[in-house]
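Have a look at the structure below before the remarks.
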Amino acid sequence: MTTGTSSSTPMNPPPALPGKVALRMRGISKSFGSVKALTDVDLDLVEGEVVALVGDNGAGKSTLVKILAGVHPQDAGEIELDGHIVSIPDPRTSIALGIATVFQDLALCENLDVVGNLFLGREMSPRRLDEISMEVRSWELLKQLSARLPTVRIPVSSLSGGQRQTVAIARSLLGQPKVILLDEPTAALGVAQTAEVLDLIERLRENGLAVMMISHNMEDVTAVADRVVVLRLGRNNGVFDINDVSSHDVVAAITGASDNEVTRRAGRHSRNLSVDSEEELDS
Ligand SMILES: Nc1ncnc2c1ncn2[C@@H]1O[C@H](COP(=O)(O)OP(=O)(O)OP(=O)(O)O)[C@@H](O)[C@H]1O
Ligand SMILES: [Mg+2]
């Protein structure tokens, strides 16, 4: 079981935050017509920390990210950055406020090379592209992430899934953000590529960013997250310190059940579970 200091449920207080709060959301609600995607959601992101945002399909995870990315405005609630209340009416404002978002589809241009993708839309010189400066900056960024790419002059279409994810993350870092939001960064990746992306997430934490990663994979969550925030049916359903919680308890918070087929299976395979995989749910 979780304890009062390691988790928050409707009954328990949340764990103490481990550092300086970079971003705070309070009472966030969002409806799409009659669908209540989010109701009264709170979230804190702390500098130098990785938060895993988990929840079943339709729990509201992407909606929360899109509110921070300036894609949808919230209907109610406040967002605070560095102690100041902000409104995020559009993606440009989100980036200007120091929030970087890497969406699941990555939105890279297949035919452009790595440098072209990194600087798409923000070429350094307004009149003439300064190719050398952009290439140098590209290498600096990738080095900062300890990323392994053969060359920055390779078209993105020739890169592996993990390398593409690296390029998308590197691109989001160009604005020198304080907060980075990653929607399912490992969903489409194999074992080695997943390890590469998880390493990269650790580099982001070491660089002092407040990192939030959406994931359905408990193995990835336990590998890199410091805290786990659970959404269920658009509401908060627990905040857990990763050191004090089992996968079983996280899955129970995700499903809202303390004893059902999914949580029993989680108990047996506590370190390798994808809660929304059909195999887990159907068998
Ligand atoms: N643009 C939209 N218009 C209408 N309904 C939407 C829209 N975006 C999300 N929703 C609804 O809001 C709810 C939350 O969706 P959201 O995409 O945030 O869930 P999620 O937790 O990211 O799920 P998944 O794990 O499947 O990605 C769902 O019921 C979804 O159908
Ligand atoms: Mg989603």
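Being more than 16 Å from ligand 2 (Cβ to nearest atom), buried (at least 18 other Cβ atoms within 10 Å of the Cβ), of a type in the set (Val, Ile, Thr) and modelled with pLDDT of 90 or more, is that true of even one residue in segment 184-200? Checked against the condition, which is being more than 16 Å from ligand 2 (Cβ to nearest atom), buried (at least 18 other Cβ atoms within 10 Å of the Cβ), of a type in the set (Val, Ile, Thr) and modelled with pLDDT of 90 or more, segment 184-200 yields no hits at all.
For segment 81-101, a residue qualifies if it is among the small types (Gly, Ala, Ser) and farther than 16 Å from residue 181 by Cβ, and the qualifying residues are 83, 87.
Any residue at all in segment 65-72 that is within 16 Å of ligand 2 (Cβ to nearest atom), over 21 Å from residue 226 (Cα atoms), surrounded by 19 or more Cβ atoms within 10 Å (Cβ to Cβ) and touching a residue at least 60 places away in the same chain (Cβ under 8 Å)?
Yes, some residue in segment 65-72 is within 16 Å of ligand 2 (Cβ to nearest atom), over 21 Å from residue 226 (Cα atoms), surrounded by 19 or more Cβ atoms within 10 Å (Cβ to Cβ) and touching a residue at least 60 places away in the same chain (Cβ under 8 Å).
Residues of segment 217-250 that are under 15 Å from residue 60 (Cβ atoms), within 16 Å of ligand 2 (Cβ to nearest atom) and crowded, with 21+ Cβ neighbours inside 10 Å: 229, 230, 231, 234. For segment 255-267, indicate whether the set of residues that are away from ligand 2 (no atom under 16 Å from the Cβ), at pLDDT 85 or above and closer than 19 Å to residue 101 by Cβ is non-empty. Checking segment 255-267: not a single residue is away from ligand 2 (no atom under 16 Å from the Cβ), at pLDDT 85 or above and closer than 19 Å to residue 101 by Cβ. Looking across 55, 77, one residue alone is under 20 Å from the mean Cα position of the chain (by Cα) and either at pLDDT 90 or above or within 16 Å of ligand 1 (Cβ to nearest atom) (or both). It is 55.
Just to be sure, is residue 54 over 11 Å from residue 28 (Cβ atoms) and without any contact (Cβ under 8 Å) to a residue 24 or more places away in the chain? No: the conditions fail for residue 54. With the condition kept exactly as written, say whether any residue in segment 146-160 is closer than 21 Å to residue 50 by Cα and in a loop (DSSP other than H, G, I, E, B). Looking through segment 146-160, at least one residue is closer than 21 Å to residue 50 by Cα and in a loop (DSSP other than H, G, I, E, B). Only one of the numbered conditions (1) within 19 Å of residue 206 (Cα to Cα); (2) in contact with a Cys (Cβ under 8 Å, 6 or more places away or on another chain) is not met by residue 156, and that is (1). Sort out which residues of segment 197-238 are hydrophobic (A, V, I, L, M, F, W, C) and not in a helix (DSSP H, G or I), and write them in order of number. Once the filter is applied, which keeps residues that are hydrophobic (A, V, I, L, M, F, W, C) and not in a helix (DSSP H, G or I), segment 197-238 yields 209, 210, 211, 212, 213, 214, 225, 228, 229, 230, 231, 233.
The values are calculated or read from the model by the stated rules, or taken from the named source; none is laboratory data. No experiment lies behind these values; they were computed from the predicted model shown. Note that we place each Cβ from the backbone using ideal geometry, even for glycine, and neighbour counts take in every protein chain shown.
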